[in-house]
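Peer 1: Before we start, here is the structure in question, set down as structure tokens.
The values are calculated or read from the model by the stated rules, or taken from the named source; none is laboratory data. All figures in this text were calculated on a predicted structure; none of them were measured in a lab. Positions of Cβ are backbone-derived with ideal geometry, glycine not excepted, and every protein chain shown enters the neighbour counts.
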Amino acid sequence: MSLSKDHQKKLLDLAKSSIQHGLQKGKPLKVDLADFPPQLTIKRATFVTLLLHDQLRGCIGTLDAVRPLIEDIAENAYSAAFQDPRFPQLKENELDHLKIHLSILTPAEPVIFTSEQDLLHQLQPGIDGLILEDGHRRGTFLPSVWESLPEAEQFLRHLKQKAGLAPDYWSDSIQVYRYRTEVIV
């Protein structure tokens, strides 16, 4: 689903408003579904990535579509600014320099593979977002991560580490799912 420029702007404005609301009230902005067109109220999974001076400042999202799109954006924008455990809470003086990137995910689909080499050959750099699971370990990389990890082997090794596995780990119980994103900046 590709969103119109007007709908994209509404989502970016909503993300910024939720962060501003968080700075003032300490909680995410509550949205009224009736205030938005139907295309923005269907359930979608999203990630909100915040950049400050082109450096990651926060990134939080959902892999499953459990909330209406606008609610997911408002909640994830707030969480990226104030609840990403890798960063301190966003300060008021950072807001004007913040870049907000929204990623709207397609539903994840399983990747069927017979070996690590088979999986690597199926990956589409720059296109695929991946979820890797093995037992209780789970990690994901958005398609935008290919910009910093452009080789499939490198991408997969780092994804395993993000999931808490060794970079050279392999098991027949590994499951991988792929998704795509519509990115709004």
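Per-residue answers, yes or no, for (1) farther than 18 Å from Ile104 by Cβ; (2) surrounded by fewer than 18 Cβ atoms within 10 Å (Cβ to Cβ); (3) in contact with a Lys or Arg (Cβ under 6 Å, 6 or more places away or on another chain); (4) in contact (Cβ under 8 Å) with a residue 60 or more places away in the chain:
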position: Glu151; (1), (2), (3), (4): yes, yes, no, no
position: Phe155; (1), (2), (3), (4): yes, no, no, no
position: Leu159; (1), (2), (3), (4): yes, no, no, no
position: Ala163; (1), (2), (3), (4): yes, no, yes, no
position: Thr181; (1), (2), (3), (4): no, no, no, yes
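Peer 1: Further, regarding this structure: So if I check each of Asn93, Asn76, which one is surrounded by fewer than 17 Cβ atoms within 10 Å (Cβ to Cβ) and assigned to a helix (DSSP H, G or I)?
Peer 2: Details: Asn76 fails: surrounded by fewer than 17 Cβ atoms within 10 Å (Cβ to Cβ).
Only one candidate qualifies: Asn93.
Peer 1: A further question on this structure: What number of residues within the stretch 170-179 satisfy the criterion of being assigned to a loop (DSSP other than H, G, I, E, B) and either touching a residue at least 12 places away in the same chain (Cβ under 8 Å) or not assigned by TED's automatic domain parsing to the domain that holds Gln122 (or both)? Steps first, please.
Peer 2: Filtering the stretch 170-179 for residues assigned to a loop (DSSP other than H, G, I, E, B) gives 170-174.
After this cut, where a residue has to be either touching a residue at least 12 places away in the same chain (Cβ under 8 Å) or not assigned by TED's automatic domain parsing to the domain that holds Gln122 (or both) as well, the list is 170-171, 173-174.
Total satisfying the criteria: 4.
Peer 1: Test of understanding: among Gln122, Gln83, Gln55, Gln117, which residue is without any contact (Cβ under 8 Å) to a residue 12 or more places away in the chain, surrounded by 12 or more Cβ atoms within 10 Å (Cβ to Cβ) and over 16 Å from Leu11 (Cα atoms)? It would help to see each step written out before you state the result.
Peer 2: Details: Gln83 fails: without any contact (Cβ under 8 Å) to a residue 12 or more places away in the chain; Gln55 fails: surrounded by 12 or more Cβ atoms within 10 Å (Cβ to Cβ); Gln117 fails: surrounded by 12 or more Cβ atoms within 10 Å (Cβ to Cβ).
Being without any contact (Cβ under 8 Å) to a residue 12 or more places away in the chain, surrounded by 12 or more Cβ atoms within 10 Å (Cβ to Cβ) and over 16 Å from Leu11 (Cα atoms) holds for just one of Gln122, Gln83, Gln55, Gln117, which is Gln122.
Peer 1: Consider Arg157 against the criteria (1) among the basic types (Lys, Arg); (2) more than 30 Å from Ser2 (Cβ to Cβ); (3) touching a Leu at 6+ places or on another chain (Cβ under 8 Å): it satisfies all of them except one. Which criterion is unmet?
Peer 2: If we test Arg157 against (1) among the basic types (Lys, Arg); (2) more than 30 Å from Ser2 (Cβ to Cβ); (3) touching a Leu at 6+ places or on another chain (Cβ under 8 Å), just (3) comes out false.
Peer 1: Considering only the stretch 43-66, state which residues are among the basic types (Lys, Arg) and part of a loop (DSSP other than H, G, I, E, B). Steps first, answer last, please.
Peer 2: Residues of the stretch 43-66 among the basic types (Lys, Arg): 43-44, 57.
Answer for the stretch 43-66, where residues must be among the basic types (Lys, Arg) and part of a loop (DSSP other than H, G, I, E, B): just Arg44.
Peer 1: Being outside the structural domain of Glu147 (by TED's automatic domain parsing) and either touching a helix residue (DSSP H, G or I) at 6+ places or on another chain (Cβ under 6 Å) or more than 24 Å from Pro143 (Cα to Cα) (or both) narrows it down to one residue among Leu56, Leu12, Leu33, Leu98; which is it? Before you say what the answer is, go through the steps one by one.
Peer 2: Numbers: Leu56 fails: either touching a helix residue (DSSP H, G or I) at 6+ places or on another chain (Cβ under 6 Å) or more than 24 Å from Pro143 (Cα to Cα) (or both); Leu12 fails: either touching a helix residue (DSSP H, G or I) at 6+ places or on another chain (Cβ under 6 Å) or more than 24 Å from Pro143 (Cα to Cα) (or both); Leu98 fails: either touching a helix residue (DSSP H, G or I) at 6+ places or on another chain (Cβ under 6 Å) or more than 24 Å from Pro143 (Cα to Cα) (or both).
Answer to the selection: Leu33.
Peer 1: Give the number of residues within the stretch 58-73 that are in contact with a Ser or Thr (Cβ under 9 Å, 6 or more places away or on another chain) and surrounded by fewer than 16 Cβ atoms within 10 Å (Cβ to Cβ).
Peer 2: 0
Peer 1: For the stretch 1-42: of the residues being among the polar types (S, T, N, Q), in a helix (DSSP H, G or I) and in contact with a Leu (Cβ under 6 Å, 6 or more places away or on another chain), which is surrounded by the most Cβ atoms within 10 Å (Cβ to Cβ)?
Peer 2: Of all residues in the stretch 1-42, those among the polar types (S, T, N, Q) come to 2, 4, 8, 17-18, 20, 24, 39, 41.
So of that shortlist, the ones also in a helix (DSSP H, G or I) come out as 8, 17-18, 20, 24, 39.
After this cut, where a residue has to be in contact with a Leu (Cβ under 6 Å, 6 or more places away or on another chain) as well, the list is 17-18.
On the way: Ser17: 15, Ser18: 26.
Of everything passing the filter in the stretch 1-42, Ser18 is surrounded by the most Cβ atoms within 10 Å (Cβ to Cβ).
Peer 1: Further question on the same structure: Which count do you get for residues in the stretch 96-114 that are part of a loop (DSSP other than H, G, I, E, B) and surrounded by 14 or more Cβ atoms within 10 Å (Cβ to Cβ)? Explain how you work it out, then say what you get.
Peer 2: Initial filter on the stretch 96-114 (part of a loop (DSSP other than H, G, I, E, B)): 106-108, 111-114.
Next, only the ones that are surrounded by 14 or more Cβ atoms within 10 Å (Cβ to Cβ) stay: 106, 108, 111, 113.
Within the stretch 96-114, residues that are part of a loop (DSSP other than H, G, I, E, B) and surrounded by 14 or more Cβ atoms within 10 Å (Cβ to Cβ) number 4.
Peer 1: Failed condition for Asp96, given (1) without any contact (Cβ under 8 Å) to a residue 24 or more places away in the chain; (2) under 30 Å from His21 (Cβ atoms); (3) touching a strand residue (DSSP E or B) at 6+ places or on another chain (Cβ under 8 Å), with all others met?
Peer 2: It fails just one condition, (3).
Peer 1: Quick check on my filter: what residues within the stretch 119-148 are over 16 Å from the mean Cα position of the chain (by Cα) and in a loop (DSSP other than H, G, I, E, B)?
Peer 2: Of all residues in the stretch 119-148, those over 16 Å from the mean Cα position of the chain (by Cα) come to 119-125, 133-137.
Leu123, Gln124, Pro125, Gly135, His136 - these are the residues of the stretch 119-148 that are over 16 Å from the mean Cα position of the chain (by Cα) and in a loop (DSSP other than H, G, I, E, B).
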